[in-house]
Amino acid sequence: MNEAFMREAIRQSKEGMDRKEGGPFGAIVVKDGKIIGRGNNRVLTTNDPTAHAEVVAIRDACKNLGAFQLDDCDIYTSCEPCPMCLGAIYWARPKRVFFGCTRTDAADIEFDDDFIYKEITVPLDQRQIPMIPLLREEALVVFKEWQENPDKTLY
């Protein structure tokens, strides 16, 4: 069964690539043996750098579930997730992730995310894109309001 789901993720990657929607990446989300979310890379057609296959599939699955977490779900993706998608996956909290190609395979076809993995460990003031703290005290006021709100939904 896992192989059939992975083949569907791979099919998503091929179809999206053939439609020129973005790179050769596809993903699906499965719950209780049923596909509840599908996605392929749509960066080119949406002009959205976050429209990676995993993010698109997570958004589709969450919409279909009416929930912001993927409890008891599996994600099948045609390639090892990039740092952004990995973050989205952890926030979505699926049970497992299955992947086809590795990030090294992706780098071999000029989708190299290694610099981002490395950049995460670099101090803020030494990153390639400057990360500059500004108005922290004012921003903390809103955080305090959130913290004191008894009606908040934790996630």
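In the chain, the sites counted are trypsin sites (Lys or Arg not before Pro) in DSSP loop states with at most 14 other Cβ atoms within 10 Å, and the longest stretch holding none of them, exclusive of the sites, is 21-94.
Alpha-carbon geometry of the stretch 19-77: the Rg and the Dmax are 11.3, 33 Å, given in that order. For the stretch 67-155, the square roots a ≥ b ≥ c of the C-alpha gyration tensor eigenvalues yield an a/c of 1.5 or more together with a/b not exceeding b/c, which makes the shape oblate.
Would you please calculate the Kirkwood hydrodynamic radius of the chain over all C-alpha pairs and express it in Å, rounded to one decimal?
Working: mean 1/r = 0.0585 Å⁻¹.
Computed over the chain, the radius equals 17.1 Å.
Placing +1 at every Lys and Arg Cβ and -1 at every Asp and Glu Cβ, with all other atoms neutral, what dipole size does the stretch 32-155 have around its Cα centre, in debye to the nearest 20?
Details: 14 positive and 21 negative charges, 68 e Å.
With only Lys, Arg, Asp and Glu charged at Cβ, the dipole is about 320 debye.
Just report the Cα centroid separation between the stretch 48-109 and the stretch 1-28, whole Å. Value for the Cα centre distance between the two parts: 12 Å. Given springs between every Cα pair under 10 Å in a Gaussian network model of the chain, which of Ala67, Ala88, Ala57 has the largest fluctuation? It is Ala67. The C-alpha atoms of the chain define a longest principal axis, and helix 53-65 lies at about 80 degrees to it.
Between Asn64, Cys82, Ile28, the Cα set farthest toward the positive side of the dipole of the stretch 14-155 (charges on each charged residue's Cβ, about the Cα centre) is that of Asn64.
Taking the 1.4 Å solvent-accessible surface of the chain as the whole, the part contributed by carbon and sulfur is 57%.
The values are calculated or read from the model by the stated rules, or taken from the named source; none is laboratory data. Please read these numbers as outputs of a predicted model, since none were measured by experiment. Cβ sites come from the backbone with ideal geometry, for glycine too, and all protein chains shown count toward neighbours. The protein model used for the area step is the full one, side chains on, heavy atoms only, and it has no ligands, DNA or RNA in it. Shrake-Rupley method; radii C 1.70, N 1.55, O 1.52, S 1.80 Å.
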